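Down below is the structure, laid out as structure tokens.
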Amino acid sequence: VSLQMMKHAWDNYKRYAWGLNELKPISKQGHSSNLFGNIQGATIVDALDTLYIMEMKEEFKEAKEWVEQNLDFNVNAEISVFEVNIRFVGGLLSAYYLSGEEIFRKKAVELGEKLLPAFNTPTGIPWALLNIKSGIGRNWPWASGGSSILAEFGTLHLEFIHLSHLSGNPLFAEKVMNIRKVLNRLDKPEGLYPNYLNPSSGQWGQHHVSIGGLGDSFYEYLLKAWLMSGKTDEEGRKMYYDAVQAIETHLIRKSSGGLTYIAEWKGGLLEHKMGHLTCFAGGMFALGADGAPNDKTGRHIELGAEIARTCHESYDRTSMKLGPEAFRFDGGVEAIATRQNEKYYILRPEVIETYMYMWRLTHDPKYRQWGWEAVEALEKYCRVDGGYSGIRDVYSNRQSHDDVQQSFFLSETLKYLYLLFSEDDLLPFEHWVFNTEAHPLPILDKDDGNKEENQK
């Protein structure tokens, strides 16, 4: 089924928005998000590996030809370093590792080089926004005290290690290792990492902590850096398990109805709200369970299962059986969005991602059952003639579409669904680590360095 869904999403993108970033499936035209500046083709690059894995060979070939002829980074525009890294660099790297086509390696390294000026700050903590023509960077005007954002500068590591690996240029790896140096020197309130860090002073901004937006993928990349290194990156391992310990102590709570959730921390006060983005953490805890210190393995798997259940409840308690952007545990409500501006669903993957990890790591059939419920809901409420659209209010009985088919729907949501219903030997965890946009990157063998020496 996810194959047919992918075909519907892709064919309509091709028909109405080919070469543009995303599709508006109701107006049947292109949609351009300011995150990518003037770079075009986000859906194409994001979907390359999904097309390849689903063996959509014709479509993959068309996409590859578009990349060869039209993917252009010489644009005078400001881009989000984080978004361009996880979608474009990540998508190109995976396409290269899966298909072996040199064009993808070449484009990935070329784009990586364009991103390097973002690190020209007093601390080496990169800017959020970069003009890729002038090399001038700045931060989001709304971010606390001119700070860079933890989830943004903390989600470059996997891709940049691979860029060094594929280009032979150590600079990429040095830039991301330096970010860790800065973080390790700083005092962390209660062992937690605030979401804001000023790239000039090297000091934290507001003491807000979140495992959802602004924080989320930083934690994921600590664990995955260790896994991707063939479990040799001890620093990544230690930072991850120490962080999880602090999260468990200070942020993880149980509602009166028995649902485990991860609250947000604002200067020591808890906000009992969990974002859809935070739902990825169930899969992360389970994935990291195996390496957990002193007999904590069972606890990490259990945490994963509890988060999966809470997030499933957030879906189950809506009219459409699709989860809201954020849901709360206060004033008598549990796992329900109480604010109008949190009731939307934009085709996000995090809950299905957690089901996929939980399925692969436990083989409990309920995860496939829950994934199937999500498929039925997507087909019923999000599928339109011209593709798939997000929903403005999942509690409503009338559909109200937002008219955007996000590139991550093809890259993540549909890929995780496909993997949830595939055999474990498709992209097995012992050989692949997924970046935060679901782009698979190979685990670098401990002796990779020597192999390359011998090949010379």
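The values are calculated or read from the model by the stated rules, or taken from the named source; none is laboratory data. It should be emphasised that the depicted structure is a prediction, and the values quoted were computed from it without experimental measurement. So basically every Cβ, Gly included, is an ideal-geometry build from the backbone, and we count neighbours across all protein chains shown. To get the accessible areas, we keep the full protein, side chains included, count just its heavy atoms, and leave off ligands, DNA and RNA. Shrake-Rupley method; radii C 1.70, N 1.55, O 1.52, S 1.80 Å.
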Report, in whole Å, the centroid distance computed from the Cα atoms of segment 364-419 and segment 123-172. 31
Cut-off under 5 Å, modelled amide H: who pairs with HIS31 long-range: ASN21, GLU22, LEU23, LYS24
Cross-link pairs LYS28/LYS224; LYS14/LYS106; LYS114/LYS238 - those with Cα-Cα distance over 28 Å: LYS28/LYS224; LYS114/LYS238
Hey, in the chain, which Cys have no second cysteine's beta-carbon closer than 4.7 Å? CYS382
Calculate one ³J(HN,Hα) per residue across segment 365-378 by plugging θ = phi - 60° into the Karplus curve 6.51 cos²θ - 1.76 cosθ + 1.60, and present them in order as whole Hz with x for glycine and proline. x, 5, 5, 5, 4, 5, x, 5, 4, 5, 4, 4, 5, 4
Cross-link partners of LYS380 among lysines (Cα-Cα below 16 Å; sequence separation of 8 or more within a chain): LYS321
May I ask you to give the average projected area over all directions of the convex hull of the Cα atoms of segment 1-442, in nm² rounded to one decimal? 19.2
Give the distance, in whole Å, between the Cα centre of segment 218-274 and the Cα centre of segment 1-58. 33
Only loop residues by DSSP count here, and only those with at most 15 other Cβ atoms within 10 Å; note down the trypsin sites (Lys or Arg not before Pro) in segment 290-363 that meet that. ARG339
What chymotrypsin sites (Phe, Trp or Tyr not before Pro) in segment 124-189 are in a loop by DSSP, with at most 10 other Cβ atoms within 10 Å of the Cβ? TRP142
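From the Cα trace of segment 242-327, what convex hull volume per residue do you get, rounded to a whole Å³? Display every interim value, and only then the final one.
Working: hull volume 8.3 nm³, N = 86.
Spelled out: Cα convex hull of segment 242-327, divided by residues, is 97 Å³.
Is it possible to state the helix-based mean residue ellipticity at 222 nm for the chain, with each DSSP H run of 4+ residues giving -39500 (n - 2.57), the sum divided by total residues, to the nearest 500 deg cm²/dmol? What is it? If you can, show how the numbers build up before the last one.
On the way: 16 runs with 195 residues, N = 456.
It comes out at -13500 deg cm²/dmol, rounded to the nearest 500.
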Within the accessible area of segment 30-75 (1.4 Å probe), percent carbon and sulfur: 40
For the chain, what is the accessible area per residue in Å², given a 1.4 Å probe and the full set of protein chains? 37
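Treat every Asp and Glu Cβ in the chain as -1 and every Lys and Arg Cβ as +1, leave all other atoms uncharged, and give the resulting dipole magnitude about the Cα centre to the nearest 20 debye. Before the final figure, lay out the partial values.
Details: 48 positive and 62 negative charges, 177 e Å.
The dipole magnitude comes to about 860 debye.
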Below 8 Å between Cα atoms, with a sequence gap of 6+, how large is the relative contact order for segment 1-442 in percent? 16
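Restricting to Cα pairs below 8 Å that are 6+ residues apart, what does the relative contact order work out to for segment 72-159? Please round to a whole percent.
It comes to 34 percent, rounded to a whole number.
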